[in-house]
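Input: a single structure, listed below in structure tokens.
The values are calculated or read from the model by the stated rules, or taken from the named source; none is laboratory data. Just so it is clear, the model here is predicted, and its values are computed rather than measured. Note: ideal-geometry Cβ built from the backbone for every residue, glycine included; neighbour counts use all protein chains shown. The accessibility values were calculated without ligands, DNA or RNA, using every heavy atom of the protein model including side chains. Shrake-Rupley method; radii C 1.70, N 1.55, O 1.52, S 1.80 Å.
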Amino acid sequence: MDWQAWHDAYDLPDSWMAQRLRTVEDRIRDALDTAPPGPLTVISVCAGQGRDLIGVLADHPRRDDVRARLVELDPGNTAFAAELARSAGLTGVEVVTGDASLTDHYLGPAPADLVLVCGVFGNIVDADIERTIDTCTRLCARGGTVVWTRNRHAPDRVPVVCDWFEERGFERLWLSAPDAGFGVGAHRLTVEPGELVPGQTMFDFVGYDVLKAERADRDRTADL
């Protein structure tokens, strides 16, 4: 998968990706608008080109309050994100090229006021989704918000994702409509966060295309 070319659909205003991006940006604005005064910490897991957070911060009143760490493996995407932040004058945005599944990358900013887990859950297996949500109880501060995405293709895992968040002390703030064409959610942590343990791996980023092919193979085998 060419993850730099994958982002090109964001430039098509009517694409589902552009619509999802705008929805995620709205949730980010809500989190910033309702956060208490003072410094704010943001973590973005698998940040891609950082368009969601940087696009909001560029003209947001709280922009200078934010210290953000964006972690992304693809160096082309991190270069894009770093230039986007530089062009917007966002000196508080740090872009890290590295494996976003490793907890070590978040030891400084965690627990954060806002955690973005966008473009992750549709590319990993269910057990890793649950493990990542479990880790969010350590990445996120009490009263902080996790904004997440997941496709709604069959089998639709969005309801299960909500259950997993809520079983761990998160309160549902917002969820996109089932017919939106994508899933976007926002959950607030209502309990004290646990301690983030270094050297842990949250997930194995398999890729949606690989997972889809594996499901198709299983379905074909089941029909034999």
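For segment 169-180, a tally of residues being under 13 Å from Arg150 (Cα atoms) and in a strand (DSSP E or B) returns 1. Looking at segment 145-168, is at least one residue touching a Pro at 6+ places or on another chain (Cβ under 9 Å), under 17 Å from Ile43 (Cβ atoms) and not in a helix (DSSP H, G or I)? Among the residues of segment 145-168, not one is touching a Pro at 6+ places or on another chain (Cβ under 9 Å), under 17 Å from Ile43 (Cβ atoms) and not in a helix (DSSP H, G or I), which makes the answer no.
In contact with a strand residue (DSSP E or B) (Cβ under 8 Å, 6 or more places away or on another chain) and in contact (Cβ under 8 Å) with a residue 24 or more places away in the chain - does that describe any residue in segment 5-19?
Let us first name the residues in segment 5-19 that are in contact with a strand residue (DSSP E or B) (Cβ under 8 Å, 6 or more places away or on another chain), namely none.
Looking for residues that are in contact with a strand residue (DSSP E or B) (Cβ under 8 Å, 6 or more places away or on another chain) and in contact (Cβ under 8 Å) with a residue 24 or more places away in the chain, one finds none in segment 5-19, hence no.
Of all residue pairs spaced 6 or more apart or on separate chains, those with beta-carbon atoms under 7 Å, a first member in segment 174-190 that is among the β-branched types (Val, Ile, Thr) and a second member that is assigned to a loop (DSSP other than H, G, I, E, B) are Val184/Ser176; Thr190/Gly169. Select from segment 46-91 the residues that are open to solvent by 50 Å² or more (accessible area, probe 1.4 Å) and among the hydrophobic types (A, V, I, L, M, F, W, C) and write down the one among them that is nearest to Thr34 (Cα to Cα). So, considering only residues that are open to solvent by 50 Å² or more (accessible area, probe 1.4 Å) and among the hydrophobic types (A, V, I, L, M, F, W, C), the one nearest to Thr34 (Cα to Cα) is Leu84.
Taking Glu94 as the residue in question, decide whether it is under 23 Å from Cys140 (Cα atoms), free of Cβ contacts under 8 Å to residues at least 60 places away in the same chain and open to solvent by 30 Å² or more (accessible area, probe 1.4 Å).
For Glu94, the condition - under 23 Å from Cys140 (Cα atoms), free of Cβ contacts under 8 Å to residues at least 60 places away in the same chain and open to solvent by 30 Å² or more (accessible area, probe 1.4 Å) - is met.
Answer yes if at least one residue in segment 195-204 is within 27 Å of Asp33 (Cα to Cα), of a type in the set (Phe, Trp, Tyr) and surrounded by 13 or more Cβ atoms within 10 Å (Cβ to Cβ), and no otherwise. Scanning segment 195-204, I find no residue that is within 27 Å of Asp33 (Cα to Cα), of a type in the set (Phe, Trp, Tyr) and surrounded by 13 or more Cβ atoms within 10 Å (Cβ to Cβ), so the answer is no.
Restricting to segment 101-131, name every residue that is open to solvent by less than 30 Å² (accessible area, probe 1.4 Å), part of a helix (DSSP H, G or I) and farther than 20 Å from Arg27 by Cα. Show your work before the answer.
Filtering segment 101-131 for residues open to solvent by less than 30 Å² (accessible area, probe 1.4 Å) gives 101, 103, 106, 109-110, 112, 114-124, 128-129.
From the residues that got through so far, the ones that are part of a helix (DSSP H, G or I) too are 103, 106, 121-123, 128-129.
Those that are open to solvent by less than 30 Å² (accessible area, probe 1.4 Å), part of a helix (DSSP H, G or I) and farther than 20 Å from Arg27 by Cα: Thr103, Tyr106, Asn123, Asp128, Ile129.
If you go through segment 195-206 one residue at a time, do you hit one that is within 22 Å of Ala31 (Cα to Cα) and in contact with a strand residue (DSSP E or B) (Cβ under 8 Å, 6 or more places away or on another chain)? The answer is no, given that none of the residues of segment 195-206 is within 22 Å of Ala31 (Cα to Cα) and in contact with a strand residue (DSSP E or B) (Cβ under 8 Å, 6 or more places away or on another chain).
Before we move on, is Val42 farther than 20 Å from Ser87 by Cβ and either out of contact with any Pro (no Cβ under 6 Å at 6 or more places or on another chain) or in a helix (DSSP H, G or I) (or both)? For Val42, the condition - farther than 20 Å from Ser87 by Cβ and either out of contact with any Pro (no Cβ under 6 Å at 6 or more places or on another chain) or in a helix (DSSP H, G or I) (or both) - is not met.
Taken over segment 28-45, residues that are among the hydroxyl-bearing types (Ser, Thr, Tyr), open to solvent by 20 Å² or more (accessible area, probe 1.4 Å) and either in contact with a helix residue (DSSP H, G or I) (Cβ under 8 Å, 6 or more places away or on another chain) or touching a residue at least 60 places away in the same chain (Cβ under 8 Å) (or both) amount to 1.
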